[in-house]
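Peer 1: Below is a structure I'd like to ask you about.
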Amino acid sequence: MFDTVTIIGAGLAGSEAALSCARMGLAVTLHEMRPHRETGVHRTDGFAELVCSNSLKGTRADSAAGMIKHELDVLGSPLYRIACATSIPAGGALAVDRERFSDAVTRAIEEHPLITVVRREVRSLRELSEDAGAIILATGPLTSDALAAELCEMYGEEELAFFDAAAPIVMRDSLDESIVFRQSRYEEAGDGDYLNAPMDEAEYAAFIEALLEAERVVAKDFESKDLFQACQPVEEVARAGFDAPRFGAMKPVGLIDPRSGKRPHAVVQLRAEDAEGTSYNLVGFQTNLTFPAQRRVFSMIPGLEQAEFARFGVMHRNTFLNAPKILDVTGASRASGASGAPIHISGQLSGTEGYCEAIRSGLNCAISVIARAKGAPLPELPPETAFGALMRHATDPATTQYQPMHVNFGVMPPLDPPIKNKRKRYAAFAERGDRALSSYAAALERAGIWSTS
């Protein structure tokens with residue numbers, strides 16, 4: 001057992017972990033490299049600075065985004081309470097005043113008697129004192145080069161990625177089953193591992209034209225390093241030649257459209273993203289298009305006109321670990337730090353996406369560390385909850401070619417019996433998750449690990 005914890009990184013996850021550990025009596029040393037080492041995107045040296053948007057997404061109880069906020073609320077997340085206190089009107093979403101939110105988090109941390117803030121770059125875990133207790137790494141997608149190099153040494157270079165190159169993911173039940181068909185190349189229809197969206201010549205021409213004209217994200221210097229050496233965006237493939245996609249990801253060879261009995265002019269293949277087949281990714285469709293452009297252009301694909309996107313494609317600098325090989329659902333790492341100190345990894349470095357997901361990840365690691373410190377048995381994180389489902393997906397050893405994910409219904413365990421109506425199904429997910437969350441919170445309280453009040 002131990003009574004201290006060292007946290008590296010004061011973003012959303014690190015700040016949440018620091019306040020949560022201190023709240024339960026652990027002495028916290030929080031390292032933050034800003035302002036001595038800038039990231040290229042942060043404007044201030046404040047903690048929990050939001051750099052992309054001030055929106056923490058929707059609050060509807062029957063949405064995945066709403067479910068994770070409900071978890072934060074029920075569990076008494078320190079940062080969620082600050083977010084609510086600094087919120088601004090945003091319709092059905094939770095949005096915050098960025099400066100007030102960061103200032104409030106910074107003040108809460110700096111004024112807490114059990115938290116010591118150290119403003120310096122941690123270039124190696126070996127620099128930490130032998131009495132570091134537990135270690136929580138929360139350095140985010142812009143982890144410093146020196147620390148990233150050590151992570152490569154610890155886990156293997158192949159287990160650390162330096163950018164996202166992820167294709168969009170769509171919900172299976174939002175696809176038009178009268179158009180898409182199941183077949184792998186050169187196999188009989190209905191027996192394959194892929195869903196296929198066929199295009200005729202006119203549909204392909206219109207799609208490529210829209211793809212080439214669509215608005216792209218303007219890459220910053222920190223986003224472009226090594227990006228295109230590893231994975232070409234689909235729009236860049238099309239830019240190289242009008243028919244280039246037809247000889248790459250969209251090649252129709254070995255596929256027969258059951259409607260016509262002929263080979264399509266082009267085809268978009270979709271591969272299951274989860275074991276239950278509730279969500280599918282567009283194979284080879286890594287993209288640098290803006291999210292609105294992706295919705296407009298990819299909805300031109302036959303069978304995807306009403307597609308519900310569980311995740312849009314992304315291409316940007318994002319240091320993250322191969323979570324299925326390295327972490328368990330508590331965020332605990334297979335490696336240890338100085339003197340055997342346990343290491344937990346939270347936030348985007350752990351391979352999840354999203355603001356609320358980062359906050360919940362910090363709380364998840366804090367709860368695990370507190371349990372270790374107290375020598376108390378840690379209740380299982382229920383997979384029926386939004387974050388439990390996300391971590392089950394992110395740490396599944398059977399997952400290959402892992403890419404970061406935010407909470408969505410595509411990673412939830414299926415309902416038994418299934419519910420076809422989408423709105424009723426989502427409500428059932430939320431009700432089931434709430435029951436599991438209540439049991440989990442009560443178990444934490446009984447074990448003396450966490451207080452939700």
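Peer 1: Going by the structure shown, is ALA366 over 17 Å from ALA138 (Cα atoms) and among the aliphatic types (A, V, I, L, M)?
Peer 2: Judged against the criteria, ALA366 is not a match.
Peer 1: Also, quick follow-up: Checking LEU255 against (1) out of contact with any helix residue (DSSP H, G or I) (no Cβ under 9 Å at 6 or more places or on another chain); (2) modelled with pLDDT under 90; (3) in a loop (DSSP other than H, G, I, E, B), which single condition isn't satisfied?
Peer 2: Every condition holds for LEU255 apart from (2).
Peer 1: Given the options ASN421, ASN408, name the one that is crowded, with 20+ Cβ neighbours inside 10 Å and farther than 22 Å from SER333 by Cα.
Peer 2: The match here is ASN408.
Peer 1: So how many residues does region 1-24 have that are modelled with pLDDT under 95 and surrounded by fewer than 24 Cβ atoms within 10 Å (Cβ to Cβ)?
Peer 2: 4
Peer 1: If you take just the helices (runs of 4 or more DSSP H) that sit entirely in region 312-431, which of them hold at least 3 residues that are more than 30 Å from VAL217 (Cβ to Cβ) and touching a residue at least 60 places away in the same chain (Cβ under 8 Å)?
Peer 2: Answer list for region 312-431: 355-374.
Peer 1: Right, here's the next one. Looking only at residues that are out of contact with any strand residue (DSSP E or B) (no Cβ under 7 Å at 6 or more places or on another chain) and surrounded by fewer than 20 Cβ atoms within 10 Å (Cβ to Cβ) in region 331-356, which one is modelled with the highest pLDDT?
Peer 2: ARG334
Peer 1: List the residue pairs whose Cβ atoms are under 7 Å apart, where the first residue sits in region 79-91 and is at pLDDT below 95, the second is hydroxyl-bearing (Ser, Thr, Tyr) and open to solvent by 30 Å² or more (accessible area, probe 1.4 Å), and the two are 6 or more positions apart or on different chains.
Peer 2: Within 7 Å, the pairs are ALA90/SER55.
Peer 1: Of the residues that sit in region 6-31 and are assigned to a strand (DSSP E or B) and within 25 Å of the chain's Cα centre (by Cα), which one is farthest from ALA134 (Cα to Cα)?
Peer 2: Checked region 6-31; the qualifying residue farthest from ALA134 (Cα to Cα) is HIS31.
The values are calculated or read from the model by the stated rules, or taken from the named source; none is laboratory data. Predicted model only: the values in this text are computed from it and were never measured. Positions of Cβ are generated from backbone atoms using ideal geometry, with glycine treated the same way; all protein chains shown enter the neighbour counts. Surface areas here come from the heavy atoms of the whole protein model, side chains and all, with no ligands, DNA or RNA. Shrake-Rupley method; radii C 1.70, N 1.55, O 1.52, S 1.80 Å.
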